[in-house]
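The values are calculated or read from the model by the stated rules, or taken from the named source; none is laboratory data. All figures in this text were calculated on a predicted structure; none of them were measured in a lab. Note that we place each Cβ from the backbone using ideal geometry, even for glycine, and neighbour counts take in every protein chain shown.
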């Protein structure tokens, strides 16, 4: 029987077999399993409706449905590809650069199967949890090219970019690849999710070009109340994003959640203060942007740092991301529509580096690190250098991979709508629907 036949047979057996009892020597823990089911649901909620609402509130009315459609499409497309091939390539095998096809189509996953990377929960749950990360990373990229990218081009971009950029990065960091072996710390996605999404968004924005009227016309958000609701869903969902990355119900998950919450609070406060000082009043957009900046920046360090570290990291995130979104963006004249690079890309870079500063040995103890990994503050400057290498590698690979992906997509369809279609609005042009007055 061919490889495809064996994989298909295994999948059918898994789906339709009667439910067997767990093996007596199973390491699956009910508490960890319940916690991770909740975490998986929370992270899935971050994309739909969280990110969809967050983005919808910041585009113009004529493009609200189009940006929400991108989040929904990313969820559907990436989920299917992740089950078929993505999970296996990212999280099986011991290769330095890519995994194997051992779990393609979920082949070999039974009731008592566990991954060596998550030994106390069912492997199928670990697969689903990691799937939600792949989904939201692809969906995030769409914010940089909102108001102008064709829906067909975005869908094809998700397919190619997932394999060219996301899956290799996930294997390098979380699947035991060469960056993990080198010692790069990324608890919940500073490199894999935020740097990748931010850098990909920047490259896409430059390649596709600016929106009509950028820097000249009023491109104000349609309805910030939607963005505020989206922020709330993202904020709560981030407890599953960062807390769930502990892969079990325990103290480390709690520390990650508290540090995450404090970083979001600090980011919102600092961004608002800076805006207040510069413009005379704080904006709602500034409050939610600062919160998301804090959330993205704490992500890679969340499981390695103390709660007060989260406050410091959030303050740094609020200040640096504010400058990137209000000064750097306009000096360099790139049109990152919803500031994916300025918030997520810059936040991911900052957070990954700061993990090397604030990492606490007592919190970073694991199977491969019995004595923990101290950071710069605990007398280990080498960890900061290791983190910098991880950042540089991720940026380089993502930038090249995204450029290649866009060029491949352009062979099949144009990347952006025409000028007339952009003026009319993507909702009506691409989907034949509009919001009523």
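For every residue, the table says whether it meets (1) closer than 23 Å to residue 351 by Cα; (2) surrounded by fewer than 22 Cβ atoms within 10 Å (Cβ to Cβ); (3) modelled with pLDDT under 95.
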| residue | (1), (2), (3) |
| --- | --- |
| 104 | no, no, no |
| 161 | no, no, no |
| 166 | yes, no, no |
| 188 | yes, no, no |
| 209 | no, yes, no |
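Every residue in the range 25-70 that is out of contact with any helix residue (DSSP H, G or I) (no Cβ under 8 Å at 6 or more places or on another chain), in a helix (DSSP H, G or I) and within 30 Å of residue 152 (Cα to Cα), please.
Within the range 25-70, 61 is the sole residue that qualifies.
Cβ-Cβ distance below 7 Å, separation of 6 or more or different chains: which pairs start in the range 410-437 with a residue that is in contact (Cβ under 8 Å) with a residue 60 or more places away in the chain and on the phi > 0 side of the Ramachandran plot and end on one that is part of a helix (DSSP H, G or I) and surrounded by 14 or more Cβ atoms within 10 Å (Cβ to Cβ)?
425/62; 425/63
I need the full set of residues from the range 73-88 which are surrounded by fewer than 24 Cβ atoms within 10 Å (Cβ to Cβ) and more than 15 Å from the chain's Cα centre (by Cα), in order please.
Just the residues of the range 73-88 that are surrounded by fewer than 24 Cβ atoms within 10 Å (Cβ to Cβ), to begin with: 73, 75-77, 79-81, 83-85.
Residues satisfying the conditions are 73, 76, 77, 80, 81, 83, 84, 85.
Quick grid of which residues meet (1) part of a loop (DSSP other than H, G, I, E, B); (2) crowded, with 24+ Cβ neighbours inside 10 Å; (3) modelled with pLDDT under 95:
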site: 292; (1), (2), (3): no, yes, no
site: 298; (1), (2), (3): no, yes, no
site: 304; (1), (2), (3): yes, yes, no
site: 311; (1), (2), (3): no, no, no
site: 314; (1), (2), (3): no, yes, no
site: 317; (1), (2), (3): no, yes, no
site: 320; (1), (2), (3): no, no, no
site: 323; (1), (2), (3): no, no, no
site: 330; (1), (2), (3): no, no, yes
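Would you confirm whether any residue within the range 200-219 is in contact (Cβ under 8 Å) with a residue 24 or more places away in the chain, under 25 Å from residue 376 (Cβ atoms), more than 20 Å from the chain's Cα centre (by Cα) and assigned to a loop (DSSP other than H, G, I, E, B)?
Going residue by residue through the range 200-219, those that are in contact (Cβ under 8 Å) with a residue 24 or more places away in the chain are 200-212, 214-215, 219.
Okay, now just the ones that are also under 25 Å from residue 376 (Cβ atoms), so none.
No, every residue in the range 200-219 fails to be in contact (Cβ under 8 Å) with a residue 24 or more places away in the chain, under 25 Å from residue 376 (Cβ atoms), more than 20 Å from the chain's Cα centre (by Cα) and assigned to a loop (DSSP other than H, G, I, E, B).
Quick check on this structure: which one of 356, 390, 351, 375 is within 30 Å of residue 57 (Cα to Cα) and in contact (Cβ under 8 Å) with a residue 12 or more places away in the chain?
Numbers: 356 fails: within 30 Å of residue 57 (Cα to Cα); 390 fails: within 30 Å of residue 57 (Cα to Cα); 375 fails: within 30 Å of residue 57 (Cα to Cα).
After applying the criteria, what remains is 351.
Would you mind stating whether residue 238 is in a helix (DSSP H, G or I) and over 22 Å from residue 141 (Cβ atoms)?
Working: in a helix (DSSP H, G or I): yes; over 22 Å from residue 141 (Cβ atoms): no.
In short, no.
Would it be correct to say that residue 41 is surrounded by 19 or more Cβ atoms within 10 Å (Cβ to Cβ), in contact (Cβ under 8 Å) with a residue 12 or more places away in the chain and within 30 Å of residue 431 (Cα to Cα)? Lay out the reasoning, then the answer.
Details: surrounded by 19 or more Cβ atoms within 10 Å (Cβ to Cβ): no; in contact (Cβ under 8 Å) with a residue 12 or more places away in the chain: yes; within 30 Å of residue 431 (Cα to Cα): yes.
No, not satisfied.
Against the definition (under 30 Å from residue 222 (Cβ atoms), outside any loop (DSSP other than H, G, I, E, B) and at pLDDT 95 or above), how does residue 170 come out, yes or no? Even if it seems obvious, please write down each step before you answer.
Details: under 30 Å from residue 222 (Cβ atoms): no; outside any loop (DSSP other than H, G, I, E, B): yes; at pLDDT 95 or above: yes.
No.
I'd like the full set of residues that are part of a loop (DSSP other than H, G, I, E, B), closer than 23 Å to residue 160 by Cα and touching a helix residue (DSSP H, G or I) at 6+ places or on another chain (Cβ under 9 Å), limited to the range 407-437.
To start, the set of residues in the range 407-437 that are part of a loop (DSSP other than H, G, I, E, B) comprises 411-415, 417-418, 425, 432-437.
From the residues that got through so far, the ones that are closer than 23 Å to residue 160 by Cα too are 411-415, 417.
Those that are part of a loop (DSSP other than H, G, I, E, B), closer than 23 Å to residue 160 by Cα and touching a helix residue (DSSP H, G or I) at 6+ places or on another chain (Cβ under 9 Å): 412, 413, 414, 415, 417.
Please determine whether any residue of the range 137-156 is over 27 Å from residue 421 (Cβ atoms), within 17 Å of the chain's Cα centre (by Cα), touching a residue at least 40 places away in the same chain (Cβ under 8 Å) and in a helix (DSSP H, G or I).
From the range 137-156, those over 27 Å from residue 421 (Cβ atoms) are 137; that's our starting set.
Narrowing further to those that are within 17 Å of the chain's Cα centre (by Cα): 137.
From the residues that got through so far, the ones that are touching a residue at least 40 places away in the same chain (Cβ under 8 Å) too are 137.
In the following step, the residues that additionally are in a helix (DSSP H, G or I) were identified as 137.
Looking through the range 137-156, at least one residue is over 27 Å from residue 421 (Cβ atoms), within 17 Å of the chain's Cα centre (by Cα), touching a residue at least 40 places away in the same chain (Cβ under 8 Å) and in a helix (DSSP H, G or I).
Under 21 Å from residue 185 (Cα atoms), surrounded by fewer than 24 Cβ atoms within 10 Å (Cβ to Cβ), free of Cβ contacts under 8 Å to residues at least 24 places away in the same chain and touching a helix residue (DSSP H, G or I) at 6+ places or on another chain (Cβ under 9 Å): which single residue out of 254, 287, 258 fits that description? Walk me through how you get there before you give the answer.
Numbers: 287 fails: under 21 Å from residue 185 (Cα atoms); 258 fails: free of Cβ contacts under 8 Å to residues at least 24 places away in the same chain.
After ruling out the rest, the residue left standing is 254.
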